Amino acid sequence: MPASPVKEIDTGVRKLVTDMIETMYAAPGVGLAAPQIGVSRAVIVFDAQDEKGARVLINPELVESDGDYEYEEGCLSVPGHYWPITRPGYVRARGLNVEGETVEYFGEGLLGRVLQHEIDHLRGILLIERLEKKVRKQALKTLREEALGLEA
Ligand code: ZN
């Protein structure tokens, strides 16, 4: 289910952003989308491990993407798993910051990856759905076995 856009950046939204950043670092992870902590709102936070630290995008959208880049990608919602996923290597994402100003981030490498991954969460798309058919089948089998306690 897609997350609802934020209409007004009030104290509730600012509190949500603070909670998300704490949760992301505690995980630890490089990105988090609000639906991952049970809040169906279009908010993402990320830290691409650069000098910029934690950043936030409210109502983010991808406005440009280009290239192909394969990477072993994981997700805090399925801890401990990494699968090779091909996505565009370069993206431009636009959204609002906590002050309500429009901001744009150009992402290559890890930043581009995190932006696409977290925006997927807002659209209700999980990592598994990005896998190639064969890899997806195996991944689903592994996750099913884990859920049944067949594999530690
Ligand atoms: Zn994820």
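The values are calculated or read from the model by the stated rules, or taken from the named source; none is laboratory data. All values reported here derive from a predicted model rather than from experimental measurement. Note that each Cβ is placed from the backbone with ideal geometry, even for glycine, and that neighbours are counted across all protein chains shown. Surface areas here come from the heavy atoms of the whole protein model, side chains and all, with no ligands, DNA or RNA. Shrake-Rupley method; radii C 1.70, N 1.55, O 1.52, S 1.80 Å.
By the Stokes-Einstein formula, at 1.002 mPa s and 20 °C, the chain with its Kirkwood radius over alpha-carbon pairs has D equal to 134 µm²/s.
The listed residues Asp19, Asp47, Asp66 rank as Asp66, Asp19, Asp47 when sorted by accessible area, largest first, using a 1.4 Å probe.
Taking the Cα centre of the chain as reference, the dipole from Cβ charges on Lys and Arg (+1) and Asp and Glu (-1) amounts to some 540 debye. The phi torsions of the range 53-61, fed into the Karplus equation with coefficients 6.51, -1.76 and 1.60 and a -60° offset, translate into couplings of x, 6, 10, 10, 9, 9, 6, x, 9 Hz, rounded to whole numbers, with Gly and Pro shown as x. These residues, Lys133, Lys15, go from largest to smallest accessible area, 1.4 Å probe, as Lys133, Lys15.
In the chain, the DSSP-assigned H stretches of four residues or longer account for a calculated mean residue ellipticity at 222 nm of -9500 deg cm²/dmol, using -39500 (n - 2.57) per stretch and the full residue count as denominator. Note on Lys15: lysines with a C-alpha under 23 Å away, same-chain residues under 8 apart excluded, are Lys7, Lys52. Spin-label model, Ala26/Glu132: points 7 Å from Cα along the beta carbon direction are separated by 3.8 nm. Each label point was placed 7 Å from the Cα along the Cα-to-Cβ direction; for Ile37 and Phe106 their separation is 3.1 nm.
For the chain, the relative contact order works out to 21 percent when only alpha carbon pairs closer than 8 Å and six or more residues apart are counted.
Counting only heavy atoms of the protein chains and using a 1.4 Å probe, Ile119 has close to 0 Å² of accessible surface. Among Thr86, Thr142, the sequence by solvent-accessible area, most first, with a 1.4 Å probe is Thr86, Thr142. In the chain, the DSSP beta bridges split such that about 95 percent are antiparallel, to the nearest 5.
Count Lys and Arg as plus one, Asp and Glu as minus one, and take only other residues whose Cβ is under 9 Å from that of Ile85; the net charge is then -1. Other residues within the sphere of radius under 10 Å centred on the Cβ of Leu110, judged by their own Cβ, net out at -2 (K and R +1, D and E -1).
Count Lys and Arg as plus one, Asp and Glu as minus one, and take only other residues whose Cβ is under 15 Å from that of Val17; the net charge is then -4. Heavy-atom surface analysis with a 1.4 Å probe gives the chain a carbon and sulfur content of 51 percent of its accessible area. Stretched out straight at 0.36 nm per residue, the stretch from Glu146 to His81 would grow longer than its current Cα-Cα span by 22.3 nm.
Rounded to the nearest Hz, the phi-derived 3J(HN,Hα) couplings of the range 23-31 under the Karplus curve 6.51 cos²θ - 1.76 cosθ + 1.60 (θ = phi - 60°) are 5, 4, 5, 5, 4, x, x, 9, x, where x marks glycine and proline. Annotation: amide H of Val6 within the under-5 Å range of Ala42, Asn59, sequence separation 5 or more or interchain, hydrogens built in the peptide plane.
Label zone of Ile125 (point 7 Å out along Cα→Cβ, amide N under 20 Å): in the range 71-89 this covers 71-78, 82-89.
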